[in-house]
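All remarks here apply to the structure that follows.
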Amino acid sequence: MKKTFPLQREGKHPDRLLEATKHEIRKYIKREQNKTKPAGVDYWDFDCRFGSSPATAEVIALSDITARINAYAADKAESFYLEVLAKPGVRKAKAANDTQSTLQAGSAHSHSGDA
């Protein structure tokens, strides 16, 4: 999705337009997440860019989209540009040291209640 969303439109209340915009973005993300994953892919990851125009858009985290939209709405901006592109993601295995320390911490907790 590469789109410029208006935050003010004649005949529409700004709050309703804002909520409709957020709903459209959430719906797109959910639709992309429900697509069939290729072999060897664990989840869908997203590359996101946000700004006042495509030329000024900067890379942001998926979780920061709503906060950025709210900030633009609070500043009474006319519109904003959002780019959300799905890409395959593969989870990385934890390091052996992390796994051992987690197991040791878990076994220490389970033995303390046995006494």
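The values are calculated or read from the model by the stated rules, or taken from the named source; none is laboratory data. Everything numeric in this text was worked out from a predicted model, so none of it was measured. Here Cβ is always computed from backbone atoms with ideal geometry, including for glycine, and neighbour counts include all displayed protein chains.
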Practice item. Could you please find all residues in region 27-50 being surrounded by 12 or more Cβ atoms within 10 Å (Cβ to Cβ), at pLDDT 95 or above and β-branched (Val, Ile, Thr)? Key: Ile29
Exercise for review: Could you please let me know if Glu24 is modelled with pLDDT of 95 or more, exposed (fewer than 15 other Cβ atoms within 10 Å of the Cβ), among the acidic types (Asp, Glu) and under 20 Å from the mean Cα position of the chain (by Cα)?
Suggested key: yes
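Taking region 4-50, which residues are part of a strand (DSSP E or B) and of a type outside the set (Phe, Trp, Tyr)? Step through it out loud before you land on a result.
Filtering region 4-50 for residues part of a strand (DSSP E or B) gives 4-6, 43-50.
Correct list: Thr4, Pro6, Asp45, Asp47, Cys48, Arg49.
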Study note, to complete from the structure: Within region 70-113, residues more than 17 Å from the chain's Cα centre (by Cα), at pLDDT 60 or above, more than 29 Å from Ser53 (Cβ to Cβ) and assigned to a loop (DSSP other than H, G, I, E, B) come out as Lys92, Ala93, Lys94, Ala95
Exercise for review: Identify, from the list Gly11, Gly40, Gly51, the residue that is in contact (Cβ under 8 Å) with a residue 12 or more places away in the chain and more than 19 Å from the chain's Cα centre (by Cα).
Suggested key: Gly40
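Quick check: anything in region 80-90 surrounded by fewer than 16 Cβ atoms within 10 Å (Cβ to Cβ) and either without any contact (Cβ under 8 Å) to a residue 24 or more places away in the chain or touching a Leu at 6+ places or on another chain (Cβ under 8 Å) (or both)?
Kept after step one, since they are surrounded by fewer than 16 Cβ atoms within 10 Å (Cβ to Cβ), are these residues of region 80-90: 85, 87-90.
Next, from what is left, pick out any that are either without any contact (Cβ under 8 Å) to a residue 24 or more places away in the chain or touching a Leu at 6+ places or on another chain (Cβ under 8 Å) (or both): none.
The answer is no; no qualifying residue exists.
Quick one: would you say Ala57 is touching a Gly at 6+ places or on another chain (Cβ under 6 Å), among the hydrophobic types (A, V, I, L, M, F, W, C) and modelled with pLDDT of 95 or more? Spell out how you get there, then give the answer.
On the way: touching a Gly at 6+ places or on another chain (Cβ under 6 Å): yes; among the hydrophobic types (A, V, I, L, M, F, W, C): yes; modelled with pLDDT of 95 or more: yes.
So Ala57 fits the description; yes.
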**Study point:** Candidates Ser63, Ser53 - the one that is assigned to a loop (DSSP other than H, G, I, E, B) and surrounded by fewer than 12 Cβ atoms within 10 Å (Cβ to Cβ)
**Key:** Ser53
